[in-house]
Amino acid sequence: MLKLEAVEVAYGHIVALTGVSLRVLDGELVALLGANGAGKSTTLMSISGIVRPRGGTLEYNGADLSRASPLDIVGLGVIQCPEGRRIFGGLTVLENLRMGAIRRRDAGAVRRDLDWVLSLFPVLGQRRHQSGATLSGGEQQMLAMARALMGSPRLLLLDEPSLGLAPIVVQAIFQVIGELHRRGVTILLVEQNVRQALAVADRGYVLATGRVILEGSGARLLSHPELEQAYLSAAPGDRR
Amino acid sequence: MSALELLLQQLINAVSIGSLYALMAIGLAMVFGILRLINFAHGDLIMVGSYVALLVMMLGLPFAVAAVAGLAASTLAGLAMERVAYRPLRGAHEIAMLLTSFSVTIFLENLAIILFRPTSRPFPAPSVLRSVIILGKLQVAGLDLIAIAVAALLLVALTVFVRSTNVGIAMRAASQDLLAARLMGINVNRVVAAAFAIGSLLAGVVGLLWSARVGKVDPLMGFNPVLKAFVASVIGGLGSLPGAVLGAYVLGGLEILLQGLLPSTLTPYRDAFVFTALIALLLLRPNGILGGTEREKI
Ligand SMILES: Nc1ncnc2c1ncn2[C@@H]1O[C@H](COP(=O)(O)OP(=O)(O)O)[C@@H](O)[C@H]1O
Ligand SMILES: [Mg+2]
């Protein structure tokens, strides 16, 4: 179980999270929603150990994430597929996937996972020797997800996987997210695509200006008038 | 000498000097690619390796032993430099890192001056290294051929390394996107240490070849090579390994060309012409020959 309790993060004077508390149970798919600048990416980066919270607690299966290095956190099976894809453009598709599995020592399982991700995203198999930079936006997103899956995640953090993609590609991405969920991968999904995210999610949280303003089942959130407002509300200023 | 022979002779000179620049430029480019650090102290690793080799020879041990000791010393000095001076600065501003590299240079050079005196000392390379091979009317220094062959061998080995080993691919990945590399569980400390170790070993090789060529060592001997390596990597595109190698051979060729073409009254100013050409190139291609567009770094 992932457990965040009153997590606070500041970038210098800019307070990004003013107290985020959330839980993701094993096997759950939880959506993390909110307008631009609400603090969704910052939440994921603090789970991954990239940004250090100045307050609150972060735990994964009893391990204190606020003290663990990004490397240790990947070692715990918490893998992030970051916003903006961030694939290695100068590396081939296969090299990108190899980097996703770099900390793993189980060569046989890595080979099986490679076959598996290439079956989830067949287009990557066709492009296996092409450099990442030559892929289309949708293919790059698939590569980013496939690379994260090569790390054999127990908890997968997905940051806006559908951003800027054509509807047909968005469908494909959400199909894979649903498939991963059915396979039992625990997922924390950050999305602007609220309806689609809540359609696949078990539960959701809505962030605004660095804190959770709503939580609950997809149906409950969708019927809530504050959900619309959360998307219209401004980003947090530089409050201390 | 016929025109063809002259051309061939100059070509060998250019490739040989370009090879030394290439071995130096790779070390700079590897580190710059990942850390955005221009490590000016890289040149001093030449000096460290050469002095250690000289000391071992002064103990009466054979050149081969001295060479291995020199290479080991350069490599260890590079690793120590990373650990002590640069790792605590990880993520600091580029200017802070650059200033630190100047401090490391000043420290190492003054240490050498204190330990070995500021004057140069003869570097007694074995006579095979100083042989001259006569091919028809061509006179080729054995050391030039050795430098070319050694660099070619090391470049092939390096290519295999960055293309097919986990650490090598991780090095390329980290230089493209450090944040993504960390999120994938790439051990950035290990990758950076590998970059320093490889670059420093290559600097050690340059040190041996260079000292054997000029027959002496001195505490400031690393300055000119690191400057040239920097120019070479800027020509090729800072941070790109193929660019650094290409830039090094272009620079070697340019220097030999100017040496041959400039009237003798102007040859002392050869480097001024080299730098003018560099500025012209950067006006045309601000990111160097192989440099892409500016990438986001964290
Ligand atoms: N590296 C950073 N430096 C300074 N401020 C940042 C940085 N990253 C994010 N922020 C600020 O923190 C707040 C939350 O950003 P973010 O977590 O990226 O939101 P979201 O992912 O929900 O769009 C915003 O106000 C943003 O401007
Ligand atoms: Mg975001």
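The values are calculated or read from the model by the stated rules, or taken from the named source; none is laboratory data. What you are looking at is a predicted structure, and each value in this text was computed from that prediction instead of being measured. When we count neighbours, we look across all protein chains shown, and the Cβ atoms used for this are built from the backbone with ideal geometry, even at glycine. Just so you know, the surface numbers come from the protein's heavy atoms only, side chains and all, with ligands and any DNA or RNA stripped out. Shrake-Rupley method; radii C 1.70, N 1.55, O 1.52, S 1.80 Å.
Report, in degrees rounded to the nearest 10, the 0 to 90 angle that the Cα long axis of helix A:107-120 makes with the longest principal axis of chain A.
Roughly 80 degrees between the two axes.
Please compute how much accessible surface disappears when A pairs with B, both sides summed, using a 1.4 Å probe, and round it to the nearest 100 Å².
So the total buried area for this chain pair works out to about 2000 Å².
Determine the gain in length on full extension of the stretch B:Thr119-B:Val65; use 0.36 nm per residue of separation and subtract their C-alpha separation, reporting nm with one decimal.
16.9 nm
Ignoring ligands, DNA and RNA, how do B:Phe102, B:Phe107 rank by accessible area with a 1.4 Å probe, largest first?
These residues rank, largest area first, as B:Phe107, B:Phe102.
I'd like the Kirkwood hydrodynamic radius of segment B:143-298, using the inverse of the mean 1/r over distinct C-alpha pairs, in Å.
One decimal place: 17.5 Å for the Kirkwood radius.
Using the C-alpha atoms of chain B, what convex hull volume per residue, in cubic angstrom, is computed?
141 Å³
I'd like the orientation of helix A:167-182 relative to chain A: the angle between its Cα long axis and the longest Cα principal axis, in ° from 0 to 90, rounded to 10.
90 degrees
In degrees between 0 and 90, to the nearest 10, how far off the longest principal axis of chain A does helix A:137-149 point, with axes built from Cα atoms?
Approximately 90 degrees, to the nearest ten.
Can you classify segment B:43-200 as rounded, prolate or oblate using the Cα gyration tensor, where a ≥ b ≥ c are the square roots of its eigenvalues, rounded means a/c under 1.5, and otherwise it's prolate if a/b beats b/c and oblate if not?
oblate
Summarise the accessible area of the protein assembly as shown (1.4 Å probe, protein heavy atoms) by the percent that is carbon and sulfur.
63 percent
Over chain A, with a Gaussian network built from C-alpha contacts below 10 Å, which listed residue (A:Val110, A:Val190, A:Val93) shows the highest mean-square fluctuation?
Greatest mean-square fluctuation among the candidates belongs to A:Val110.
Per-residue accessible area for A:Trp116 at 1.4 Å probe radius, Å² rounded to 10?
Approximately 50 Å² of A:Trp116 is accessible to the 1.4 Å probe.
Per residue, how large is the accessible surface of the protein assembly as shown? Use a 1.4 angstrom probe and give square angstrom.
43 Å²
If packing is taken as the mean number of other Cβ atoms within 10 Å per residue, what is the order of B:196-203, B:93-100, A:19-26, highest first?
B:196-203, A:19-26, B:93-100
Quick one: net charge around A:Gly218, please, counting Lys, Arg +1 and Asp, Glu -1 for every other residue with C-beta under 14 Å from its C-beta.
-1
Between A:Ala144, A:Ala172, A:Ala31, which gets the highest mean-square fluctuation from a Gaussian network model of chain A, Cα cutoff 10 Å?
A:Ala172
Between B:Ile106 and B:Leu261, how high is the FRET efficiency from 1/(1 + (r/R0)^6) when r is the Cβ-Cβ distance and R₀ = 51 Å? Nearest 0.05.
0.90
I need the Kirkwood Rh of segment A:1-115: take the reciprocal of the average 1/r across all distinct C-alpha pairs and report it in angstrom.
About 15.7 Å, per the Kirkwood formula over Cα pairs.
Could you state the principal axis extents of the C-alpha atoms in chain A, from the largest down, to the nearest angstrom?
48, 38, 31
Using a Gaussian network model of chain B whose springs link C-alpha atoms within less than 10 Å, name the residue from B:Gln176, B:Gln139, B:Gln259 with the highest mean-square fluctuation.
B:Gln139
Between segment A:134-198 and segment B:187-219, what is the C-alpha centre distance in whole Å?
45 Å
Grab the beta carbon distance between B:Leu55 and B:Val128, set R0 = 22 Å, and tell me the FRET efficiency rounded to 0.05.
0.55
Evaluated at 10 °C with a viscosity of 1.306 mPa s, what Stokes-Einstein diffusion coefficient in µm²/s does segment A:50-165 have when Rh comes from the Kirkwood expression over alpha-carbon pairs?
Translational D for this selection: 107 µm²/s.
Please name which of A:Gly218, A:Leu157, A:Val185 has its Cα lying farthest along the dipole of segment A:154-232 towards the positive end, using unit charges on Cβ (Lys, Arg +1; Asp, Glu -1) and the Cα centre as origin.
So the residue we want is A:Val185.
To the nearest whole number, what is the average tally of beta carbon atoms from other chains within 10 Å of the beta carbons of peptide A:114-126?
So the per-residue partner count for this stretch is 0.
I'd like the antiparallel share, as a percent to the nearest 5, of DSSP beta bridges with both residues in chain A.
Counting only bridges with both partners in chain A, antiparallel ones make up about 50 percent.
Which whole number gives the average, over all residues in A:81-93, of C-beta atoms from other chains lying within 10 Å of the residue C-beta?
4
If you take all C-alpha pairs in the protein assembly as shown, what percent of them are over 43 Å apart?
Value for the protein assembly as shown (Cα pairs over 43 Å): 31 percent.
Which whole number gives the average count of other chain Cβ atoms within 10 Å of the Cβ atoms across peptide B:181-194?
Going residue by residue through B:181-194 and averaging, the value is 6.
Suppose R0 equals 35 Å. What FRET efficiency, 1/(1 + (r/R0)^6) with r the Cβ-Cβ distance, do A:Glu59 and B:His93 give to the nearest 0.05?
Computed FRET efficiency for A:Glu59 and B:His93: 0.55.
With all protein chains present, calculate the accessible area of B:Val84 using a 1.4 Å probe and round the result to the nearest 10 Å².
110 Å²
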